[in-house]
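Step one of this worksheet: look at the structure below.
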Amino acid sequence: MPPGTMNGETSSAGRWDRRYSAAAEPPFGEAPNEYLRMIAARSDFAVRRVLSLADGDGRNGAWLAAQGCAVTAVDCSAVATERAVELDRRRGVAVTRIVADLAEWVPAPGDAWDAVFVIYLQGTRGLRLRALEVAAGALAPGGWLVVEGFSKAQAGRPDIGPDDPDRLYDLEELRAAASGLEVVEALAGRLRLDEGPRHRGEAEVVRFAARRPG
């Protein structure tokens, strides 16, 4: 466990530890999120240092590291992070992985990243806003904030993702959290997910990308 790592023993951490421990296969697959790949393919996306919040069992952080990025990844689940370390080993990449509750975690003084990804952080509104505040504050000049999550239109559809409206996103929330950043994309709509057994099927999502002025 790298320096600065915390146990992350919170109710949320325990819940995700149990889910990952019970999973016979990676719950969200081992391929990176498609929106993350789309942003990384943009002609104006040229980054070296990346922070991935709620990185789970490592699919996004490991892929970003394989593209040549220096990656720091944070997740509340020690079980997921152990699996992420194993994925890094199999992929032959190095990722700085931190087990920490995003309700409390703060970057070390002076740390800044060229991009911060928040991909399917499934927490309460308070946790999301706090994580988004940390993410926006951790951006270097010209840095990207990239978010994908289930939208409030997904409420009442427990087949994929949470159905509690408090754990779902809306674009107004994201725009407010990105105050001071330049919005590049702000999209909400329906798509078909194919990201492991827990993210497979039709879903209502938001996709959001913004940049700190350079």
inquiry  = Looking only at helices (runs of 4 or more DSSP H) that lie completely in the range 10-101, which have at least 3 residues being aliphatic (A, V, I, L, M) and either within 16 Å of the chain's Cα centre (by Cα) or over 21 Å from residue 142 (Cα atoms) (or both)?
reply    = 34-40, 59-66, 78-91
query = For the range 14-34, does any single residue satisfy the condition of being over 15 Å from residue 122 (Cβ atoms), at pLDDT 95 or above and surrounded by 20 or more Cβ atoms within 10 Å (Cβ to Cβ)?
reply = yes
inquiry  = Six or more apart or on different chains, Cβ atoms under 8 Å: show the pairs whose first residue is in the range 166-185 and in a loop (DSSP other than H, G, I, E, B) and whose second is among the polar types (S, T, N, Q) and surrounded by 16 or more Cβ atoms within 10 Å (Cβ to Cβ).
reply    = 168/151; 168/154; 170/151
request  = Could you figure out which of (1) of a type outside the set (Val, Ile, Thr); (2) in contact with an Asp or Glu (Cβ under 9 Å, 6 or more places away or on another chain); (3) crowded, with 23+ Cβ neighbours inside 10 Å; (4) in contact (Cβ under 8 Å) with a residue 40 or more places away in the chain isn't true of residue 87?
outcome  = (3)
request  = State whether the residues of the range 153-161 include one that is under 22 Å from residue 74 (Cα atoms), surrounded by 14 or more Cβ atoms within 10 Å (Cβ to Cβ) and either in contact (Cβ under 8 Å) with a residue 24 or more places away in the chain or touching a Leu at 6+ places or on another chain (Cβ under 9 Å) (or both).
outcome  = yes
query = Applying the selection to the range 105-120, what residues are over 24 Å from residue 208 (Cβ atoms) and in contact (Cβ under 8 Å) with a residue 24 or more places away in the chain?
reply = 108
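The values are calculated or read from the model by the stated rules, or taken from the named source; none is laboratory data. On a predicted model such as this, the values are computed, not experimentally measured, just so you know. Cβ atoms come from the backbone with ideal geometry, glycine included; neighbour counts cover every protein chain shown.
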